[in-house]
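Written out below as structure tokens is the structure these notes cover.
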There are 2 protein chains.
Amino acid sequence: MNGADALIETLVANEVTACFANPGTSEMQFVAALDRAPAMRPVLCLFEGVATGAADGYGRMAGKPACTLLHLGPGYGNGLANLHNARRAFTPVVNVVGDHATYHRQYDAPLNSDIPTIVGPNSLWVKSADSPDTVSALAAEAVTASYGPPGGPVSLILPADSAWLETRNGVVKADVPVRAAAAGTTIEAVAKRVREAAKPVILLGAQATSAEGLAQAARLAAAGVRVLADTFIARQPRGAGVFQPGRMQYFGEAALADLAGTDLMVFVGTVTPVAFFAYPGRPSVLVPEGCETTTLTTRSEDSVAGLAALADALGAPASGPAQPFKVADGAPTGPLTPQACGLSVARHLPEGAIICDDSVTSGGGVAVPCSTARPHDVLALTGGAIGIGGPLAIGAAVAAPGRKVLSLNGDGSAMYTVQSLWTMAREQLDVTVVVFANHSYRILNIEMGRTGSGDPGPSASKLLDLGDPKIDWVSVAKGMGVPAVRCETAEEFDAAFARAMAEPGPKFIEAAI
Amino acid sequence: MNGADALIETLVANEVTACFANPGTSEMQFVAALDRAPAMRPVLCLFEGVATGAADGYGRMAGKPACTLLHLGPGYGNGLANLHNARRAFTPVVNVVGDHATYHRQYDAPLNSDIPTIVGPNSLWVKSADSPDTVSALAAEAVTASYGPPGGPVSLILPADSAWLETRNGVVKADVPVRAAAAGTTIEAVAKRVREAAKPVILLGAQATSAEGLAQAARLAAAGVRVLADTFIARQPRGAGVFQPGRMQYFGEAALADLAGTDLMVFVGTVTPVAFFAYPGRPSVLVPEGCETTTLTTRSEDSVAGLAALADALGAPASGPAQPFKVADGAPTGPLTPQACGLSVARHLPEGAIICDDSVTSGGGVAVPCSTARPHDVLALTGGAIGIGGPLAIGAAVAAPGRKVLSLNGDGSAMYTVQSLWTMAREQLDVTVVVFANHSYRILNIEMGRTGSGDPGPSASKLLDLGDPKIDWVSVAKGMGVPAVRCETAEEFDAAFARAMAEPGPKFIEAAI
């Protein structure tokens, strides 16, 4: 076998069985080797940002990495923004970045670039397999590194000759690292401080917001401790039967108002909360003055066990509160708003659905009513780089067949990776895409005032407005092979959304809000 | 004034008057300052890869940099691939990369990233303006650095507080560096070797392929010396009245066959030619065995003066050959092929047109007949990162109003930066976009065989084929606001292309080849 075979066989042996790809010439051996390894599912993406965001969605749902196949430095560059998001979601992803043959690098051919430097900032681990005999060992090392904990993207650089040359070094099994438990003394110390605090808050992040983590956090809530979660969570179970913590507010001053009087913040799988952006004269660190902070578990440690131990130490009951099931009886009526859309989503969302949320200013309208919908998972935008709603949905649908996937997007966000629609059609994925078409970078109109920049004049308005011309989203989606409708009233949206939930396969709804 | 004002005023004072932008919160002060500087033209791009490719097209045509406005590391990442191309085109580009406020960086907020590292590999110059008082001096330094020579992208990092705080440091003028002349002794030595060689070849790159460079190279051709140009040229005048050098072949073995017997290669504004990719058992360096090489001028030196001096030293005539004007009399007929499209393009292309070429396997069909069309410029894909045809056209159209711009694209390439269509509609740019829809990564089908990977089986075919579903390009283009037609015969294409050349404004033609 050649190096490409060794790589794919090692990946498959370590349960990496999905490959989101946009290959070029230097990746042809990997592509050919896929034919000899049918356990690896290749998914073509027409832009690398789709591939990397899909790998993120896959990893969040599968709890194991997918691989990407990217074409040298520029191919990785196209996928960089969604790998930034994956890094912020702690999602295991194994990037396979093709490179020139080792002996060809010195000639600085047109596609040559400094791949290790470009991939470095968003990779937990980077190595180049500079001979075919190193490929399988490094592939196993890459898989192990991607798990962290906490996990994240890693990058294995694969020179073309390491792929095409023969090797006798076959499959290597990867270790999957285990999270360390927090020390008993830490648990005791934190419990003591929580008992002594007048108004403590437990702040959950990452693994602490898993189903198991939330079940333990609910016990703390039952014991009278306020429980919040980070503003943007990689994967959070929500809806009926699930404990729903409060949410750290997005804007700093709102967060501090919400935390007023809090005298202790305990971090569980997360760190000190900070403002998403700085603004003149507004706070960066979102801890009230005089409030003390402590850490129960780091992001690397076992937050579920930590929460359970803390609940035990505080004498909390064996279980805590859960959301009721409660959705609107009838369809919403009148003008279409994000709130009206949200009522319909909550009514029709099937159990086990996966919401991939890149809806920016429209998202709140859905999140509120869905808090009492049928149980589902929400995958949020963790790194602030818009254009992940479609790609995440692709990955989630590949990872979780049989579960309905709902991709919620602002129109500005959706345009970033609009190519994702084609892959949904190609793979006939069970994804419903909703684009909230307000024909504006609405968030920036809000942010402009907050940064003290004043009201937009003619030049500034040209950079915030998407309405000239208005994008005909139905035409774009149909052009990419996805059945599409435009809804202009709440009644139309409710009917279209109900149909989309009832039928399998990709669907597109333009919500003309 | 604040730092953002100082930046924009300094850019404008140094003739940087176009800004291709996709801003976020950290760039709001820059956006607001645009309203106070009407000489700077803001052009909104719905994805950063469009913005950076447009800046490349602008710089190639204007001979001076545009600026981009990008949102932190992920925003730059989205634009990275086309900046790789700009680096390979030696195009001056000033990237303004917004960052968190200086004091906010330490908190590692979600959008925080290692911007200097990410931008480094594709920037000739990187600095961060960490106080408002440094902004204008660094902006001037950035403009100077972007000119090289040879030029390229530079990156000025602008923290939000450096933009919003007041400064008294106003406009700073930038030096524009001048290319050094090659030494007289070099000219004499090269002339001697050319005289003594049995079969010398002059290879032109970069500045040597400018109109002035080609006029001098034509004199060498008239003196009996064979003249070739690099395979991919940032900007090359072509058509009637222009000297057309031969072209280095793309595939290495074809290049070496073409050069057989050559005993001297003289590089003018370029370096030793190498194969685009390595293949098992095929050459990397495209210089025939036993052939000597020498350099007349480096990419940094004055190649036009160097060519003129060499022509003088060789006693060449005052002028050399130029292409005749010769196009097909009637419209082509029958099935639509790239060759048929090329005949129509040659017939109808107006004088002064600008062809932006990202058409990969279909491009040759157009290049051959256009070699005797009305005089025009061709901007090629210099760095191999596909997805530049639309963005280049935006930049060229903004830089050269009054000239018709033709964007030629493979369907795989066009999908990469499909968002460029919207900006063409928004700005009503005089661009005709042609997409050659073969519903395949055709080049990869060719490359797969060359890399010795064998014939594609089911998995490999899934990664090379774009035909399931077939993209309805007309629907996509109309959805983005560009009038569009599909042509399935040579007659239809000829008529549609003639109309597009006769009418101003954006047009889209799907060539169903």
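Things worth noting here:
- Cα-projected label distance for A:GLN428 with B:VAL176, points at 7 Å along beta-carbon direction, nm: 6.0
- With label points defined 7 Å past Cα in the direction of Cβ, position A:VAL368 shows copy-to-copy spacings of 6.6 nm, given to one decimal and shortest first.
- What the range A:184-313 shows is 37 Å² of accessible area per residue, with the surface traced by a 1.4 Å probe over protein heavy atoms.
- The alpha-carbon of A:LYS199 sits under 13 angstrom from the alpha-carbons of these aspartates and glutamates, leaving out residues fewer than 8 places away in its chain: A:ASP258, A:ASP263, A:GLU292.
- Where only C-alpha atoms are counted, convex hull volume of the range B:178-328 per residue in Å³: 120
- Toward the positive end of the charge dipole of chain A, with +1 on the Cβ of Lys and Arg and -1 on the Cβ of Asp and Glu, the farthest Cα among A:GLY365, A:PRO280, A:ALA218 is that of A:ALA218.
- Within the protein assembly as shown: Cβ-based charge dipole about Cα centre, in debye rounded to nearest 20 (Lys, Arg +1; Asp, Glu -1): 340
- Efficiency of FRET from Cβ geometry, A:ILE446 and A:THR293, R₀ 30 Å, rounded to 0.05: 0.55
- The range A:273-419 - Rg (one decimal) and Dmax (whole number), Cα, Å: 18.9, 52
- The amide H of B:ARG374, built 1.01 Å from its N in the peptide plane, has B:ALA240 as neighbours under 5 Å, considering only residues 5 or more places off or on other chains.
- Taking chymotrypsin sites (Phe, Trp or Tyr not before Pro) across the range B:240-322, the ones in a DSSP loop with at most 14 further Cβ atoms lying within 10 angstrom of their Cβ are B:TYR250.
- Accessible-area value, B:ILE446, 1.4 Å probe, nucleic acids and ligands omitted, Å²: 70
- Protein accessible area in the range B:184-313, 1.4 Å probe - carbon and sulfur %: 51
- For A:VAL433, nonlocal amide neighbours, meaning residues 5 or more places apart or on other chains whose placed amide H falls under 5 Å from its own, are A:SER407, A:LYS507, A:PHE508, A:ILE509.
- For the protein assembly as shown: Kirkwood Rh in Å [reciprocal of mean 1/r, alpha carbons]: 29.6
- In the context of the full protein assembly, A:SER371 retains an accessible surface of approximately 20 Å², using a probe radius of 1.4 Å and ignoring ligands and nucleic acids.
- The magnitude of the dipole of the range B:338-511, with charges of +1 and -1 set on the Cβ of Lys/Arg and Asp/Glu and taken from the Cα centre, is near 220 debye.
- Hydrodynamic radius by Kirkwood, which averages 1/r over all alpha carbon pairs of the range A:389-513, in angstrom: 15.4
- Rounded, prolate or oblate (a/c below 1.5 giving rounded, otherwise prolate when a/b exceeds b/c) for the range B:1-46 by Cα gyration tensor: oblate
- Solvent-accessible area buried by pairing A with B, both sides, nearest 100 square angstrom, 1.4 angstrom probe: 8100
- Average Cα contact separation per residue, the range A:235-302, under 8 Å, 6 or more apart, as relative contact order %: 35
- Placing a pseudo-label 7 Å from each Cα along the Cα-to-Cβ vector at A:ASP465 and A:SER131 gives an inter-label distance of 6.4 nm.
- Based on Cα atoms of the range A:1-91, Rg over Rh with Rh as the Kirkwood radius reads 0.96.
- C-alpha center-to-center spacing [the range B:381-395, the range B:416-431] in angstrom: 13
- Positive-end residue, chain B charge dipole about Cα centroid, Cβ charges, pick of B:VAL143, B:ALA340, B:GLY63: B:ALA340
- The mean count of C-beta atoms from other chains within 10 Å of the C-beta of residues in B:266-279, rounded to a whole number, is 4.
- For the range B:1-153, the fraction of C-alpha pairs farther apart than 27 angstrom is 12 percent.
- Legend: distances between Cα atoms for A:LYS470/B:LYS478; A:LYS404/A:LYS470; B:LYS64/B:LYS173; pairs beyond 18 Å are A:LYS404/A:LYS470.
- A simple charge model with +1 on the Cβ of Lys and Arg, -1 on the Cβ of Asp and Glu and nothing else charged puts the dipole of the range A:3-164 at about 560 debye relative to its Cα centre.
- Overall, the anisotropy analysis places the range A:336-387 in the oblate class: the square-rooted eigenvalues a ≥ b ≥ c of its C-alpha gyration tensor yield a/c not less than 1.5, with a/b not exceeding b/c.
- Calculated from the alpha-carbon coordinates, the range B:22-66 shows an Rg and a Dmax of 11.6, 31 Å respectively.
- When you restrict to C-alpha pairs under 8 Å that are six or more residues apart and normalise by the size of chain A, the relative contact order lands at 14 percent.
- Charged neighbours of B:VAL126, selected by a Cβ distance under 15 Å, balance to -3 (K, R count +1; D, E count -1).
- Directionally averaged projected area (chain A, Cα convex hull): 25.1 nm².
- Placing a label point 7 Å from the Cα of B:PRO321 along the Cα-to-Cβ direction, the distances to the matching points in the other copies come to 8.6 nm, shortest first.
- Accessible-area order (highest first, 1.4 angstrom probe) of the listed residues B:LYS462, A:LYS127: A:LYS127, B:LYS462
- In the assembly of identical copies, B:LYS199 has its label point, taken 7 Å from Cα in the direction of the beta carbon, separated from the corresponding points by 8.8 nm (ascending, one decimal).
- For the range A:275-329 and the range B:73-97, distance of Cα centres in Å: 41
- Rounded to two decimals, the Cα radius of gyration of the range B:140-249 over 2.2 N^0.38 Å is 1.57.
- For the range A:338-511, carbon and sulfur atoms together expose 54% of the accessible surface, with a 1.4 angstrom probe and every protein chain in place.
The values are calculated or read from the model by the stated rules, or taken from the named source; none is laboratory data. These numbers were taken from a predicted model, which means no experiment stands behind them. Here Cβ is always computed from backbone atoms with ideal geometry, including for glycine, and neighbour counts include all displayed protein chains. Just so you know, the surface numbers come from the protein's heavy atoms only, side chains and all, with ligands and any DNA or RNA stripped out. Shrake-Rupley method; radii C 1.70, N 1.55, O 1.52, S 1.80 Å.
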